[in-house]
Amino acid sequence: MVNKRNAKISAMRNEMNPPNGYFDKAGILLIGWGSSAGAIKESVDLLRNNSIDAGCLIFSDLCPFPADKVVSAIGKDKKYISVELNSTAQLKLLI
């Protein structure tokens, strides 16, 4: 059964929603998922109103983790802040 489930992963990748970007070309990205999306977008608006070049990436699907999309979105020159509602920073560990 484990092999049968693992065989479905490649098809799942094709059906996953990509991370939703909001000013995602900014120099600083807030990254989060799920119910924190509204607070993250509001934070981006507040930062941008204070002339800080901020944006965000919000994930709705995390498994299987879309590492290639994250790497292309973050790039090498951007700073990012993982915004999470847990104590172990699980999303940051994935990134």
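The values are calculated or read from the model by the stated rules, or taken from the named source; none is laboratory data. The structure displayed is predicted, hence computed values, not measured ones. In this analysis, Cβ positions are derived from the backbone assuming ideal geometry, glycine residues included, and neighbour counts consider all displayed protein chains. Please note that ligands, DNA and RNA were not included when accessible areas were found on the heavy atoms of the full protein model with its side chains. Shrake-Rupley method; radii C 1.70, N 1.55, O 1.52, S 1.80 Å.
General remarks:
- Test item: Cα-centred dipole of the stretch 1-71, Lys/Arg +1 and Asp/Glu -1 on Cβ, debye: 380
- Furthest towards positive pole of dipole, Val70, Trp33, Ser51, structure part the chain, Cβ charges: Val70
- Fraction of accessible area attributable to carbon and sulfur, the stretch 12-95 (%, probe 1.4 Å): 54
- The stretch 66-95: trypsin sites (Lys or Arg not before Pro) in DSSP coil with no more than 12 other Cβ atoms inside 10 Å: Lys76
- Where (1) 6.6; (2) 7.0; (3) 6.2 are the candidate values, the label of the one calculated here for mean projected area of the Cα convex hull in nm² is (2).
- Solvent-accessible heavy-atom area per residue, rounded to whole Å², over the stretch 34-81 at 1.4 Å: 61
- Restricting attention to the chain, lysine pairs at least eight places apart or on different chains and with alpha-carbon atoms under 15 angstrom apart total 9.
- Stretchable slack from Lys69 to Asn14, in nm (0.36 nm times residue separation minus alpha-carbon distance): 18.6 nm
- Protection proxy ranking of 10-18, 24-32, by the mean of other Cβ atoms within 10 Å over each peptide's residues and highest first, is 24-32, 10-18.
- C-alpha long axis of helix 37-49 to longest principal axis of the chain, angle in °: 30
- Surface accessible to a 1.4 Å probe, Ile74 within the full protein complex, Å²: 20
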